[in-house]
Amino acid sequence: MTVSLKKLKKKSESKQIREKSVESRKSRFRENFEAILIAIILALFIRAFVVQAFKIPSGSMEPTLEVGDHILVNKFIYGIRMPVVNTRLIPVSRPDRGDIIVFEYPVEPDKDFIKRVVAISGDVVEIRDKNVYVNGQPADGYTVKHTESRILPESVNPRDNFGPVTVPENAYFVLGDNRDNSYDSRFWGFVEDAAVKGEAFIIYWSWDKDNFGVRWGRIGKLLH
């Protein structure tokens with residue numbers, strides 16, 4: 001009788017150990033799942049409202065940005081843009097002249113463009129023989145690139161001669177730093193404030209596919 005009780009006790013203890021082991025595995029799985037879920041939600045929140053990474057696909061912003069540069073864009077600085085209603089909350093500042101911004105391309109909003117703000121609401125912008133003027137003053141106070149000496153008349157192409165035009169309210173006039181090879185406000189008009197996603201502020205990675213190598217000197221470069 002005593003042996004039988006001992007066997008039952010051992011079976012009971014063994015069953016309890018197995019149940020505890022199963023519960024422990026379930027608990028670890030639940031903890032890991034919760035940690036992964038929180039990490040995903042946090043990453044999505046950061047991407048949507050704080051910082052987002054972009055890759056430069058074209059040379060329209062050379063020499064400031066080169067093809068293969070990977071940049072971070074501050075999405076918080078111009079305010080948190082709420083989806084659907086498309087309104088901004090807690091704006092720290094607004095895009096200003098000289099800022100490099102990422103925005104929805106007005107012609108195809110599902111595409112993102114990156115250009116430099118040259119003029120803001122109320123400014124009068126004009127281009128004469130490749131020289132940019134804002135409110136009658138020269139506006140190229142940063143590094144720009146020209147690849148052609150030929151100057152096109154406005155009747156042929158607005159690239160080298162444009163305006164004058166006044167930037168409307170809640171809009172921006174943007175140009176690429178590679179002036180002779182940039183498709184920008186000269187061709188398709190102004191960028192609405194609601195289309196702005198954020199300000200580019202740093203290069204965190206740069207890959208030169210032509211020479212198959214890392215551009216170490218560009219990594220960590222602040223953009224201005």
* Mind jotting down the three principal axis lengths of the range 99-149 based on Cα atoms? Whole angstrom, largest first. => 34, 30, 18
* By the gyration tensor of its Cα atoms, with a ≥ b ≥ c the square roots of the eigenvalues, what is the shape of the range 51-218: rounded for a/c under 1.5, prolate for a/b over b/c, or oblate? -> oblate
* Would you please give the FRET efficiency between ARG150 and TRP205, computed as 1/(1 + (r/R0)^6) with r the Cβ-Cβ distance and R0 = 30 Å, to the nearest 0.05? => 0.25
* Asked: Excluding same-chain residues fewer than 8 positions from LYS209, which aspartates and glutamates have a Cα within less than 20 Å of its Cα?
  -> GLU62, GLU66, ASP69
* **Sequence-distant aspartates and glutamates (8 or more away, or on other chains) whose Cα lies within less than 15 Å of LYS111** => ASP184, GLU192
* Asked: Going down the list LYS55/LYS130; LYS115/LYS221; LYS75/LYS130, which pairs span over 20 Å between their C-alpha atoms?
  -> LYS55/LYS130; LYS75/LYS130
* Structure fact -> Expected unfolding gain across TRP188-VAL51 under the 0.36 nm per residue rule, minus the alpha-carbon gap, is 46.6 nm
* Mean Cβ count within 10 Å, highest first, over the residues of peptides 155-162, 96-103 -> 96-103, 155-162
* **Net +/- balance of residues flanking GLU66 in space, Cβ distance below 14 Å, scoring K and R +1, D and E -1** => +1
* What's the FRET efficiency of LEU222 with ASP96 using the Cβ-Cβ distance as r and R₀ = 22 Å, to the nearest 0.05? -> 0.85
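Every number in this text was worked out from the coordinates using simple rules, so none of it is lab data. None of these values were measured; they are calculated from a predicted model. Please note: Cβ atoms are built from the backbone with ideal geometry, for glycine as well, and neighbour counts cover all protein chains shown.
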